[in-house]
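Here the structure comes first, spelled out in structure tokens, and everything after it is commentary.
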Amino acid sequence: MSNDSFRNRQNGFETMTNKKDPNAAVGKILAIVFGVLAVVVILFNCAYQIREQEQAVLITLGKAQAVTDPGLHFKIPFIQQVKKVNTTIQGFSIGYNVESNESTAESMMITSDYNFVNVDFFVEYRYTDPVKAVYASKHPVEILRNVSQSCIRTVISTYDVDSVLTTEKDEIQTAIKDMIMQELDKQDIGLQLFNITIQDSEPPTEAVMEAFKAVETAKQGKETAINNAKKYQNEQLPSAQAEADGILKDAEARKTERINEANAQVARFNAMYEEYVKNPNITKQRMFYEAMEEILPDLKVIIESPDGNVQSFYPVEPFTGN
């Protein structure tokens with residue numbers, strides 16, 4: 001083989017070798033990049049940050065553990081997982097839309113005196129136990145919303161419409177808050193009620209407002225009628241009481257008079273009986289004469305003769321010896 005042909009083959013081989021070198025370099029670069037990315041991912045999954053207003057749940061093979069200290073923490077990549085919980089005070093509305101500020105259907109409630117009223121509430125809460133907040137229920141905030149609505153309707157139904165619209169708002173808020181807190185203690189979902197406030201309360205529609213005004217007018221009329229009746233009662237009771245007292249006093253006087261008269265007759269009879277026992281005949285004659293003295297002066301004596309002539313004698317005193 002000549003030197004020229006050998007050199008040509010050598011040059012061709014070198015040319016082929018030079019063509020393969022760039023691919024190998026790219027492969028090495030990609031491998032390095034992937035390695036660096038893998039290291040970064042691993043390092044990134046090894047640490048997590050907890051802010052001041054956060055708490056975390058560290059899950060290790062299904063076992064949950066609360067992490068409450070803020071700052072940088074470490075975990076085992078792909079084995080441990082972290083779920084963060086916001087512990088700041090949060091809230092939601094009941095009965096109205098926060099964005100449009102319009103009432104919703106859930107605001108309509110019924111009072112103890114069977115009146116409808118629209119009442120809007122705002123509920124404030126915060127997470128107190130991150131583990132229970134993550135694992136005790138799937139949607140703890142929805143549970144709180146449902147519990148709040150139930151307690152609100154229960155409490156509102158025990159007050160009349162006047163109390164809900166005007167005078168008893170603070171008392172109603174306190175009663176609702178206490179009931180919700182008791183229910184949350186039973187549910188134990190890691191949530192704490194911070195506060196609940198009545199934003200607004202009013203009759204639901206114009207028609208209901210007019211009906212409400214009519215009811216109020218009727219109530220005022222009722223109160224006026226009651227006051228007038230009480231006034232008439234206060235005016236009539238003294239005179240009626242005086243009349244009743246007079247009747248009672250007259251009855252007592254007549255009673256006493258009749259009793260005294262009866263006692264006197266009894267005493268007189270007893271005295272006459274004692275005289276009769278002593279002298280029966282004389283007593284009979286005296287009683288007869290006394291009876292005649294009472295009867296004869298008032299008598300008109302008419303004597304009819306056998307021949308039909310009638311002759312009257314007036315008076316009859318000669319028969320009595322006067």
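The values are calculated or read from the model by the stated rules, or taken from the named source; none is laboratory data. No experiment lies behind these values; they were computed from the predicted model shown. Quick reminder, even Gly has a Cβ in these numbers, built from the backbone with ideal geometry, and neighbours come from all protein chains shown.
Here are some notes:
- Condition met for Ile94 (in contact with a strand residue (DSSP E or B) (Cβ under 6 Å, 6 or more places away or on another chain) and surrounded by 17 or more Cβ atoms within 10 Å (Cβ to Cβ)): yes
- Unique residue being surrounded by 10 or more Cβ atoms within 10 Å (Cβ to Cβ), polar (S, T, N, Q) and touching a residue at least 60 places away in the same chain (Cβ under 8 Å) when the list is Gln192, Gln241: Gln192
- Of all residue pairs spaced 6 or more apart or on separate chains, none has beta-carbon atoms under 9 Å together with a first member in the range 106-130 that is assigned by TED's automatic domain parsing to the domain that holds Lys63 and a second member that is surrounded by fewer than 22 Cβ atoms within 10 Å (Cβ to Cβ) and of a type in the set (A, V, I, L, M).
- Output for the range 165-200, where each listed residue is within 23 Å of Tyr114 (Cα to Cα) and among the charged types (D, E, K, R): Glu168, Lys169, Asp170, Glu171, Asp200
- When residues in the range 214-238 are screened for being without any contact (Cβ under 8 Å) to a residue 12 or more places away in the chain and either of a type in the set (S, T, N, Q) or closer than 30 Å to Phe116 by Cβ (or both), 17 of them pass.
- Checked against (1) more than 14 Å from the chain's Cα centre (by Cα); (2) at pLDDT 85 or above; (3) surrounded by 15 or more Cβ atoms within 10 Å (Cβ to Cβ), Ile89 passes all but a single condition, namely (3).
- Being more than 60 Å from the chain's Cα centre (by Cα) and either outside the structural domain of Thr166 (by TED's automatic domain parsing) or without any contact (Cβ under 8 Å) to a residue 12 or more places away in the chain (or both) is true of Glu257.
- Of everything in the range 97-131 that is crowded, with 16+ Cβ neighbours inside 10 Å and β-branched (Val, Ile, Thr), the residue that is farthest from Ile172 (Cα to Cα) is Val131.
- Any hit, the range 106-123, residues being over 30 Å from Glu216 (Cβ atoms) and at pLDDT 90 or above: yes
- Inter-residue pairs, beta-carbon under 8 Å, first over 17 Å from Met108 (Cβ atoms) and in the range 142-169, second aromatic (Phe, Trp, Tyr) and not in a helix (DSSP H, G or I), 6+ apart: Leu144/Tyr125; Glu168/Tyr159
- Within the range 141-164, the set of residues being crowded, with 20+ Cβ neighbours inside 10 Å and either of a type in the set (Ser, Thr, Tyr) or modelled with pLDDT under 90 (or both) comprises Ser148, Tyr159, Val161, Val164.
- Only listed residue being closer than 30 Å to Gln53 by Cβ, among the small types (Gly, Ala, Ser) and out of contact with any strand residue (DSSP E or B) (no Cβ under 7 Å at 6 or more places or on another chain), chosen from Ser100, Ser148: Ser100
- Within the range 174-189, considering residues that are touching a strand residue (DSSP E or B) at 6+ places or on another chain (Cβ under 8 Å) and surrounded by 16 or more Cβ atoms within 10 Å (Cβ to Cβ), the one farthest from Thr158 (Cα to Cα): Leu184
- Residue in the range 164-183 that is assigned to a loop (DSSP other than H, G, I, E, B) and over 30 Å from Leu58 (Cβ atoms) present: yes
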